[in-house]
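Structure first, commentary second.
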Amino acid sequence: MGCEDFVITNNYTDQVQMEIDHCKRLQIVGNVVERPRETGGIGMWAHGGEAEDCLIQGNWVIDPSGVGSAFVAHMDNVGPRYFNSKFKNVRILDNVVVMGTHYIGKKRKAHALGILLGAPDRSQPYQGVVFDGITLQGNRFYADPTTGVKLTEFGFIFANASGKSGFSSII
Amino acid sequence: MRIDQKGKNYVEENNVRVDYTTPPAWPANVGIK
C-alpha cells in the first residue's frame, strides 16, 4: 500500500529508520533521526512502485549504522519484485548528516555514506527502473575523522548504477 | 558519482563535507545521550 499527500515533520526517533515506500506528494521536513538501523535513515525504498514528488528537507540524521546511509532513494533489494521502480521529482535539500558522535573512543567505525540513490547491488539486473528529476542541494555532511569516518571511493553522495544493473543513468 | 551517470534532470550542488572536532550545535529536538 502506498501513501499520498503525506507530511512527516518535527519528529525525533532513536534507532529506527524513517521509511516511506510507494509515495506521492510526500514531505519529510525538520525531523531528527538518531542512530537509524541497517539500511538507511530517511528515505524511499521502492519495491516496484513509485516515489513521486517527494521533498526531504531540513532533517538531521545522526550516526547511521549497520550498512546504512543517511538518506536513500533506492530499490530495497534485488530480484523481479524490485523491477519497474520509479523515482520522479525527488528533492533532498538542506539536510544535515553527522557521522561519528557515538563512536568516539570505540573501535567500531562509523559509516560515511550520506545519500544513496539507485540499486543496493548494481551487479544485479533490474528492469524498468527510472530516476527522473533528482535534486540534491545544500546538504551538509559532518564527519569526525578521529572516529574512523572516511569517505568511500564514491564520496558522500553515491548513485549506484551501472550498465549491468539495467539502468546507467540517474536523470 | 561518475560523470556519465548525470543527466539533464539531475541537480547536485552546494553539498559540503565538514570535518569536525566538536559536533555542530544540535537542533532543539535532538535527544543526544
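The values are calculated or read from the model by the stated rules, or taken from the named source; none is laboratory data. Note that the structure is predicted; figures quoted are calculated from it, not measured. Cβ coordinates were reconstructed from backbone atoms using ideal geometry, including for glycine residues, and neighbour counts include every protein chain displayed.
For segment A:139-171, give me each residue that is modelled with pLDDT of 70 or more, under 12 Å from A:I115 (Cβ atoms) and within 8 Å of another protein chain (Cβ to nearest Cβ).
A:N139, A:R140, A:F141, A:F156, A:I157, A:F158, A:A159
Whether any residue in segment A:37-46 is touching a Gly at 6+ places or on another chain (Cβ under 6 Å) and at pLDDT 85 or above is what I want to check. If you could, list the steps in order and put the result at the bottom.
Kept after step one, since they are touching a Gly at 6+ places or on another chain (Cβ under 6 Å), are these residues of segment A:37-46: A:37-40.
Subsequent filtering for residues that are at pLDDT 85 or above retains none.
Taking every residue of segment A:37-46 in turn, none turns out to be touching a Gly at 6+ places or on another chain (Cβ under 6 Å) and at pLDDT 85 or above.
Does A:F87 satisfy the condition of being at pLDDT 80 or above and touching a Gly at 6+ places or on another chain (Cβ under 6 Å)?
no
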